[in-house]
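As structure tokens, the structure follows; a few thoughts come after it.
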Amino acid sequence: MGEHGHGDPTESGAVIKAGDGESGKYAIDNPGLPPHRPRVADEDPKAEKRSERQVATLFLISIIGTVIFFIGYFAVELSEDLQALRLQNTLLGVGVGFAMLGIGLGVVHWAKTLMPDHELVEDRKPLRKEAERQEAEQIIDDVLEESGIKRRPLIRNTLIGAAVLAPLPFVLTLRDLDRSEDFGVERMRHSMWDEGVRLVRDPTGTPIRAADITIGSAMHVIPENLREVSGHAARLSEKAKAVVLVVRMNPDDIQQVTPGREDWTYDGIIACSKVCTHVGCPVALYERHTHHLLCPCHQSTFDAAQEFKVVFGPAGRPLPQLPITVDDEGFLVARSDFTEPVGPTYWERGSTDPEGDYNA
Amino acid sequence: MSATTEKYTEAQYLEAEQYQPATRTGRITNYVDQRVGGTGIVREFGRKIFPDHWTFMFGEVALYSFVILILSGTFLTFWFDPSMASTRYDGSYAPLQGLEMSTAYATALELSFDVRGGLFMRQLHHWAALLFVMAMSIHMLRVFFTGAFRKPRELNWVVGCALLIMGLAAGFTGYSLPDEVLSGNGLRIIDGMMKAIPVVGTYMSFFLFGGEFPGGEVIPRLYVLHIMVIPALILVLIAVHLFMVVTHKHTQYPGPGRTERNVVGYPVGPVYAAKAGGFFFIVFGILAVISGTFQINALWNYGPYDPSPVQAGAQPDWYIGPFEGVLRLMPGFVGEIPLEFVIPTPWGGNSVATPVLIPMIPIAVMFLVMFIWPWIEAWITGDKKEHHILDRPRNAPTRTAIGAASVTFYCIMWGMGSNDLIATHFMLSLNDITYWSRVLIFVGPVIAFVLTKRICLSLQRKDRETVLHGHEAGVIEMLPHGEFREKHTRPSDYELYTLVAFESPAPSGPQPNAKGKITRTEKLRARLNQWFYQDRVEPVSREEYLEALEHDHHGDGHEGGLEATDRRSIEASH
């Protein structure tokens, strides 16, 4: 370990002297460490004293910071008023901030102005000595030899087999991460909608007459029977599939009706799944003039006038349409479940209806 | 190992017993030392040298943020209950009183409104997490652009990459815990992305959520990952990372006195310990002030999770931005043709969610290339030497350009993650931004590559200029015959050495293997090598330098005295 030269590099006491090491490699040889430049505090006792006072002041500021924290914690009474919370949070943050910054800046200032700033030089060790490597190799050879693992392939192979199999039970136990009774992909094809299920407002559960929806408006609805599902989690999971968006437009504005879907709308009222076919965010924004529905997560845009066709963004499929009509009392009801799985595309989704359980 | 050779004398064994400390502190120290071997630790580390440079600070920031995360996170666990069981909120935040919500959300609200200092700790935790990932990212960029990942530090680079991924995982699992609308929609996106994965994706989602999304299981599961599994892995990786830093000793920038065989810097005791230790408090202090004055994740505004509402303009934490952006960038249709398709199978067909899968490719490739970059570069350059002296980024133009291109690629994805906010804040069409970004994502990195490489080469030429002609002194002088010219001053040897001490290899051409054959892989390597090294500026050679001195000397004699000395000393050592 050496130290800075204090003057002329050619006479420096550093380990690296001028021209040391890789001589001739570069245009000039390594000139060694530059001479040490003394700081003000190194030479002027007044400056040194001043630095000392500055460090102590910073430590005092830290103490004041801690006191500010106590004031914020005890003197501010939390109430329903958010102002008090805000004030307390600011006092705690500023208090801790000063407490920490005072210590940190103080110590760093101390190190930079008062502790020696001579750079030192240390040699790197070679990463490995050849003699030691040979010794280590010999040890490993001895260990392997004494264990006999090379000479006894039967032991080795059965051990490998056992070691590969032994962790499997622990992997297998993860199977019950999903313990649902209806385990599998089939459940994803069905939602709570069914023939005659009323469309009701969320969260009040009031049924909706066609006349309640004015032309140009949109609202999100849930199936009437969703409230009967017991358990918060089960209800949310069902809702995640069943939430529907209803929009009403001038019946003449509907530009496209696929054969077989003629009776899926009622007097310009058209309903679709609110779950985006891209990755499943709620398609929450409706623009009445263009009839466009927009998903705020990734901006997939669907045209309600063209059976929710994708007009922009990353979605790969139209939103599934829910066939609706009105019942005897004039309330909006579903004609059936969705005729395809709602939400993001998944591997087993397919295009057809293998079980024949979609009646459309 | 043989125990027959006696290495130590009996007296040496007794030495430890004989030492009698004089002071009370000495007695305590001696007691501990005799039992844990502190002498060895102090001898090894007490004056260990660490090179000092402001760019070496980012790794420290990351480490300190992690410590702050552990401290604040532990506090949060005392009140937060990750249960998804339904409850009715009766805390002091009036707008949500009486609402049905999960216990997780209710206790997160309790922490914010009813536990004194809870809001502060939550904000401190969130800000520290943002800083943690940011510091790791900048630290990695520093390591990349200075070539610190080269032999012998390749494996430590891999550990660093793993730490970054763990940081992202920690961030995402933590972000999802409060179970409000914002984080619930984040989980919904993860669910949708998982389901897009062919064959196993749907079941991965089932097993994560314990059934269909969202179910009642996921929050406690993420909680265990967030507070135990991921932090434990991060701690282990940090330990390995630091152990390797000590083994390799830190790299240093090129400069006078610095060689491949030494470390120049400050000793741990007292200077480095004081600076690094003090710096922890500075990081803590800055985070505390931010947490006290800048609100983050005001989760009471969002309401309990429900699959039907969503806010417009919702943004993920910054480090999730590129993942989100690339999803937004991808078109679902090209014209009228859907990218999504169904593979016809006897059992009804399997769907391929191409618009979700394709965006995962650039992300996966980016991470993969990041992990194996040290080997890719070593293979292209054929450089298998150890490097402890860092590259100045300009002296590795192609690498620097690749780095800049990657950063550009990342930033375009990241910016796209906020395309809606860019549209509303700058009054632009959201659709136009997206269309242009679809072009920019391909063109931007190429532009960045070319520009960066040219800038590097120009900076290298500027360095040559400085070495050969010196600095412009800002003084115009008139020569006796009337010519005006600017005076140049010659830099000191210390400055010169930094400017000339680097290597700029020429393309090496294909090398035959042991059988004397040039394989196809070797041809590819040679082509890449050509591409990597073809544009180059050589460092000033000794001949050029001597000639420049000669020129100065003959040109005008006003500085001749100093330069003649220079020349003599250079020629003498030649």
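The values are calculated or read from the model by the stated rules, or taken from the named source; none is laboratory data. What you see is a predicted model, and the numbers here were worked out from it, not measured in a lab. A quick note on method: Cβ atoms are made from the backbone with ideal geometry, for glycine too, and the neighbour counts reach across all protein chains shown.
Results, tabulated for the structure shown:
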read-out: Identity of the residue in region B:395-407, in contact with a Leu (Cβ under 9 Å, 6 or more places away or on another chain) and surrounded by fewer than 21 Cβ atoms within 10 Å (Cβ to Cβ), that ends up nearest to the other protein chains (Cβ to nearest Cβ); value: B:407
read-out: Residues satisfying the stated conditions in region B:334-388, i.e. hydroxyl-bearing (Ser, Thr, Tyr) and within 14 Å of chain A (Cβ to nearest Cβ); value: B:345, B:351, B:354
read-out: Long-range neighbours under 9 Å by Cβ, at least six apart or interchain, first residue more than 7 Å from chain A (Cβ to nearest Cβ) and surrounded by 18 or more Cβ atoms within 10 Å (Cβ to Cβ) within region B:268-285, second polar (S, T, N, Q) and assigned to a helix (DSSP H, G or I); value: B:283/B:65
read-out: Every pair of residues 6+ apart whose Cβ atoms lie under 8 Å, when the first sits in region B:112-126 and is more than 8 Å from every other protein chain (Cβ to nearest Cβ) and in contact (Cβ under 8 Å) with a residue 12 or more places away in the chain while the second is of a type in the set (A, V, I, L, M) and outside any helix (DSSP H, G or I); value: B:126/B:296
read-out: Exclusive hit being closer than 30 Å to residue A:296 by Cα, among the hydrophobic types (A, V, I, L, M, F, W, C) and modelled with pLDDT of 95 or more, set B:439, B:446; value: B:439
read-out: Sole residue being within 12 Å of chain B (Cβ to nearest Cβ) and at pLDDT 90 or above, chosen from A:271, A:234; value: A:234
read-out: Search result, residues across region B:493-544 that are outside any loop (DSSP other than H, G, I, E, B) and within 14 Å of chain A (Cβ to nearest Cβ); value: B:493, B:494, B:495, B:496, B:497, B:498, B:499, B:500, B:542, B:543, B:544
read-out: Count of region B:68-107 residues which are out of contact with any strand residue (DSSP E or B) (no Cβ under 7 Å at 6 or more places or on another chain), in contact (Cβ under 8 Å) with a residue 24 or more places away in the chain and of a type in the set (Asp, Glu); value: 1
read-out: Sole residue being within 21 Å of the chain's Cα centre (by Cα), over 20 Å from residue B:299 (Cβ atoms) and buried (at least 20 other Cβ atoms within 10 Å of the Cβ), chosen from B:211, B:215, B:147, B:174; value: B:147
read-out: Long-range neighbours under 6 Å by Cβ, at least six apart or interchain, first residue crowded, with 17+ Cβ neighbours inside 10 Å within region A:310-329, second in a strand (DSSP E or B) and of a type in the set (Lys, Arg); value: A:318/A:309
read-out: Tally, over region B:288-298, of residues that are more than 26 Å from the chain's Cα centre (by Cα) and surrounded by 21 or more Cβ atoms within 10 Å (Cβ to Cβ); value: 1
read-out: Output for region B:418-431, where each listed residue is under 12 Å from residue B:313 (Cβ atoms) and of a type outside the set (D, E, K, R); value: B:418, B:419, B:421, B:422, B:423, B:424, B:425, B:430
read-out: Residue A:171, sole failed condition from (1) out of contact with any Leu (no Cβ under 9 Å at 6 or more places or on another chain); (2) not in a helix (DSSP H, G or I); value: (2)
read-out: Contacts under 6 angstrom Cβ, first residue in region A:279-293 being outside the structural domain of residue A:256 (by TED's automatic domain parsing) and within 14 Å of residue A:312 (Cα to Cα), partner at pLDDT 90 or above and in a strand (DSSP E or B), 6 or more apart; value: none
